[in-house]
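The values are calculated or read from the model by the stated rules, or taken from the named source; none is laboratory data. Given the structure is predicted, the values throughout are model-derived calculations rather than measurements. Positions of Cβ are backbone-derived with ideal geometry, glycine not excepted, and every protein chain shown enters the neighbour counts. Side chains included, ligands, DNA and RNA excluded: accessible areas come from the protein's heavy atoms. Shrake-Rupley method; radii C 1.70, N 1.55, O 1.52, S 1.80 Å.
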Amino acid sequence: YLLDKSDKYDSRDVERLQQDDKWIENYLIWRHDVVDDTLKMIDESFQWRKEYTVNDLTESVLPKWLFENGSLFLHGYDKEGYKLFWFRVKHHIRDPKQQLEKKKLVAFWLEHYAKRDHGKPLTVVFDMSETGISHIDLDFVRFIVNCFTDYYPNFLTKIVIFEMPWIMNAAFKIVKGWLGPDAISMLKFTNKSDVQEYISGEYLPPHMGGTDSFKYSYPPLVDDDFQTPLCENGPITSEDEHESKEEIDADTKETGELNETQNLNQKKMNSVEQISKSEETDKTEIKPKNAKKALTTFKGPLLHISPAEELYFGSKETGEKKCLIVLTNVTKNIVAFKVRTTAPEKYRVKPSNSSCEPGTSLDIIVSLHGGFAASLQDRFLIMAAEMDQSSGAGVPELTQFWKEVPRTKVMEHRLRCHVIESSKPFSLILKENALNIPAKTNEDLHIQVIMYSFLTHLLQINKRLQEQIDRCLWFQQLSIVLSLLSVTVVAFCFYL
């Protein structure tokens, strides 16, 4: 293939193929270890990558309106922990003149995510609510399907199709013809009643029956895994570089105290596990402490990070100045980590450069300096890498470790800031109050967990009652209209 078609390949792809065993393995897995089929797929995907200049696709070379349109973006995770690639079909209008640029946007998102997360698979969500004939674009759909079946090996977990209109049934029969048996089994046709079998409500917008208040906006790129403006906002520096030895010692002492308190909290959580069964579907870990706890978790290969996407700070009116990041080591080795921020002059992170023992959790306190307010443009970067058991975990050892560790072995995860205004929803206020009750004794911790479970259950009942009231009001209005219509008809008949 190289001898015959070397001019049709990007030399960077050829070089990567010769060095990246994982990439080759994914091609083989996707083609069931049939070498000839694997070579054919590599040949086709390499030609496609050069045709679309995939290695050179950046935010600056694509038209700005493509990002502003909001038809394609990455946000949230499914129940298996895979990133969600959203296609909001109602924002896509068929236009042959713009087709190439839209296809390059798909390649841009896939390539940057593949490089950021080293090929971790995606779940594709076709949100087809409020769509009609003008949104049907089989050529574009086929391109997206081909990206996963022919160009990005072992990169697809499932395709969740939400509320496909009946008028598109015929079109999707054609789409099924393009898919192999393996890909067809990945199609999941859903509606509002069953979409949460695959995606929990915390990552579903309200029109899909979820509670996610996320709204796509540009700039910056909204996904936590690649915030392009991260470097443009200023250098990412760690506060450790400016801390004195006394501050580092204080960090170590405070970390020990936090871990000790956390172990007590975990014991109490086990004692009330039965009470919290109804919360298991949310896959959240509630740990009562003075600081605000996160309700979502990013499951990385080295660390589980909670919250998964956003740190919630209060506005100047609400005055909330602290947030908590919980790191859980899921490996069998010590994991070193660093926390960096785009605004080091505004935030204090303790600890920001330390390590986490196997199977344990660590709390990181992120606080605002006096006089500063959180901004939606602020970002945090968490870097993690495994250390040998023989390596020390002191400050000198960590400094040397970060100088020597290869970039390919470093896990990275980004968090953005979210500012809560004073007009917060009642449900959010209840949750925060339940989580912010001072926890000083074991009995207090026990009561706090029970209280949170009770309040959550109460909120669920209140939500169901509100839905029933809304339905009753709707039927009442319908009955009144029908009654008036009947009276009008009867009066007209008498008149005649």
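Conditions (1) without any contact (Cβ under 8 Å) to a residue 24 or more places away in the chain; (2) in a loop (DSSP other than H, G, I, E, B); (3) assigned by the TED database to the domain that holds residue 195; (4) surrounded by 14 or more Cβ atoms within 10 Å (Cβ to Cβ), marked per residue:
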| residue | (1), (2), (3), (4) |
| --- | --- |
| 41 | no, no, no, yes |
| 65 | yes, no, yes, no |
| 97 | yes, no, yes, no |
| 105 | no, no, yes, yes |
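Restricting 367, 355 to those that are part of a strand (DSSP E or B), in contact with a Leu (Cβ under 7 Å, 6 or more places away or on another chain), small (Gly, Ala, Ser) and assigned by the TED database to the domain that holds residue 396 reduces the list to 355. For segment 83-95, the tally of residues that are buried (at least 17 other Cβ atoms within 10 Å of the Cβ) and within 22 Å of the chain's Cα centre (by Cα) stands at 7.
What's the number of the condition residue 72 fails, among (1) open to solvent by 40 Å² or more (accessible area, probe 1.4 Å); (2) assigned by the TED database to the domain that holds residue 195? Evaluating residue 72 over (1) open to solvent by 40 Å² or more (accessible area, probe 1.4 Å); (2) assigned by the TED database to the domain that holds residue 195 leaves (1) as the failure. Taken over segment 150-173, residues that are farther than 16 Å from residue 109 by Cα and part of a helix (DSSP H, G or I) amount to 9. Contact map, segment 398-420: first residue farther than 11 Å from residue 383 by Cβ, second residue polar (S, T, N, Q) and open to solvent by 60 Å² or more (accessible area, probe 1.4 Å), Cβ cut-off under 9 Å, separation 6 or more or different chains; pairs are 416/377; 417/377.
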